[in-house]
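Asks: Mind having a look at this structure? Questions to follow.
A short reminder: the numbers here are calculations on the coordinates, not readings from a lab. It should be emphasised that the depicted structure is a prediction, and the values quoted were computed from it without experimental measurement. Cβ: placed from backbone, ideal geometry, glycine included. Neighbour counts: every protein chain shown.
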């Protein structure tokens, strides 16, 4: 009797376990890592528009890891301090006809490092500490700095003195912390320039890649977005070659500093980026007819997409659609992130593993899984080591 009871209990447990297994939501992604490259810890840009600094320095930290095996935490606010002064200088030269804002690009970080060097995080005040916060908070900072720059750049005076730079530097130092001329790191004294040289990277190895048809392929041009205020050039390649560069980079141990659009409906706060096909037929949307789907309010459509999850239909990106979206402002320059790997879900769909700078948020503790189609469609440009580019494409670009 006791034996029979034990067998019956085991059978019931197995049945309940099987039922629980069957009830596991099929819309939730189950990822299998294909390739994951080393990255440093996830940071939090908090209330600051400095994703461009966080993502690009994260990229360079991975480059240092790849090249030397050493782990560094580089100072984003050092980059911001130098960059905002130079952006203000341009705004004044343009008499205010150049946008002065928090955003920037990967090219800003590279240019600042080339011109001024870089420092480790501990050589400067940590973000937020200057105003008694634990993380960066630019709300008061920019509400003070923007009108200051506007007052100078739009001055009615016939001439202006150079003293405005001293005043602006004072604001930058007060909110971000002063940038050191010398510092000691692991017992060695450095300047920012000598520290940059010590990191083991050739800062001339890095190039920006994009893909649009309003400029000839295999030439370079300045992508026409406001945060590319330096008019830094990107090499222009067809969309399929742009994607080949990313895949070749990951396959050979190189990561990518990505800039693109995260305002798309398929980019979720939970950690996914899927290029949902919002024009899909009813059959692809669990029996709902297309008219009903297209007529849904954004919140209702969001609920349906969440319900479908990884089973939702995905659009196929094209060169023509990329150009159309860029020209009509649908493809926007929203965010900078760091691509560091490749994974597949249970349906075989491929995703890039992407490090964000919003702290350990979302379902994957600060990483996002973004489909190849999403990246192909929503990329503005990206920074990569030129040695990660396939040889045939490098030959076409002359680099």
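Asks: Could you tell me whether the range 59-156 comes out rounded, prolate or oblate from its Cα gyration tensor? Rule is a ≥ b ≥ c as square roots of the eigenvalues, rounded for a/c under 1.5, then prolate if a/b exceeds b/c, otherwise oblate.
Replies: Oblate shape, in that a/c is at least 1.5 and b/c is the bigger or equal ratio.
Asks: Then there is this: Mind giving me the FRET efficiency for residue 205 and residue 344? R0 is 35 Å, r the Cβ-Cβ distance, nearest 0.05 is fine. Present the calculation step by step, with values, prior to reporting the outcome.
Replies: Details: r = 30 Å, r/R0 = 0.87.
After rounding to 0.05, the efficiency reads 0.70.
Asks: Could I ask something else about it? So if I take the centroid of the Cα atoms in the range 72-113 and the same for the range 118-167, what is the distance between those two points in Å?
Replies: Their Cα centres are 11 Å away from one another.
Asks: Moving to a separate point now. Going by C-beta contacts inside 10 Å, put 339, 245 in order with the fewest on the left.
Replies: Working: 339 27, 245 24.
Fewest-to-most Cβ neighbours within 10 Å comes out as 245, 339.
Asks: Here's another thing I want to ask about it. Could you check the simple spin-label distance between residue 214 and residue 240, using points 7 Å along Cα→Cβ, in nm with one decimal?
Replies: Output for this residue pair reads 2.5 nm.
Asks: Set the Förster radius R0 to 35 Å, insert the Cβ-Cβ distance between residue 144 and residue 360 as r into 1/(1 + (r/R0)^6), and round the FRET efficiency to 0.05.
Replies: Once rounded, the FRET efficiency stands at 0.70.
Asks: For the range 118-192, just say rounded, prolate or oblate: build the C-alpha gyration tensor, square-root its eigenvalues into a ≥ b ≥ c, call rounded for a/c under 1.5, and beyond that prolate if a/b exceeds b/c, oblate if not.
Replies: oblate
Asks: Select one label from (i) 71; (ii) 57; (iii) 62: the one whose number is percent of Cα pairs over 25 Å apart as derived from the coordinates shown.
Replies: Checking each listed value against the structure points to (iii).
Asks: In degrees between 0 and 90, to the nearest 10, how far off the longest principal axis of the chain does helix 239-251 point, with axes built from Cα atoms?
Replies: Helix 239-251 and the main axis of the chain meet at about 80 degrees.
Asks: So how do 209, 256 line up by other beta-carbon neighbours within 10 Å, fewest first?
Replies: Fewest to most other Cβ atoms nearby, the residues stand as 209, 256.
Asks: Fully extended, how many nm does the chain gain between residue 68 and residue 86 (0.36 nm per residue separation, minus their Cα-Cα distance)?
Replies: Roughly 3.3 nm would be gained on extension.
Asks: Please work out how much length the chain gains when fully extended from residue 329 to residue 188, using 0.36 nm per residue of separation minus the C-alpha to C-alpha distance, in nm with one decimal.
Replies: Length difference between fully extended and current span is 45.9 nm.
Asks: Where does helix 139-153 land angle-wise versus the long Cα axis of the chain, in degrees 0 to 90, nearest 10?
Replies: 40
Asks: By counting other Cβ atoms within 10 Å of each Cβ, how are 239, 304, 370 ranked from fewest to most?
Replies: Values: 239 21, 304 17, 370 25.
Arranged by neighbour count, lowest to highest, 239, 304, 370 become 304, 239, 370.
Asks: Ranked highest first by the average count of other Cβ atoms within 10 Å around their residues, in what order do 218-226, 124-132 fall?
Replies: 124-132, 218-226
Asks: Using the Cα gyration tensor of the range 348-399, with a ≥ b ≥ c the square roots of its eigenvalues, what is the shape: rounded (a/c below 1.5), prolate (a/b larger than b/c) or oblate (neither)?
Replies: Prolate is the answer for the range 348-399, as a/c is 1.5 or above and a/b outweighs b/c.
Asks: For the chain, what is the mean residue ellipticity at 222 nm derived from helices alone (per DSSP H run of n ≥ 4: -39500 (n - 2.57); sum divided by total residues; nearest 500 deg cm²/dmol)?
Replies: Details: 13 runs with 156 residues, N = 399.
Taking each H run of at least 4 residues, the total per residue is -12000 deg cm²/dmol.
Asks: Measuring from label point to label point, each 7 Å out along Cα→Cβ, what is the residue 134 to residue 41 span in nm?
Replies: 1.3
Asks: Measure nothing fancy, just the Cα-based angle from helix 106-116's long axis to the longest principal axis of the chain, in degrees from 0 to 90, nearest 10.
Replies: 40
Asks: Taking 0.36 nm per residue of separation and subtracting the Cα-Cα distance, what length does fully extending residue 225 through residue 27 add?
Replies: Result: 67.6 nm gained on full extension.
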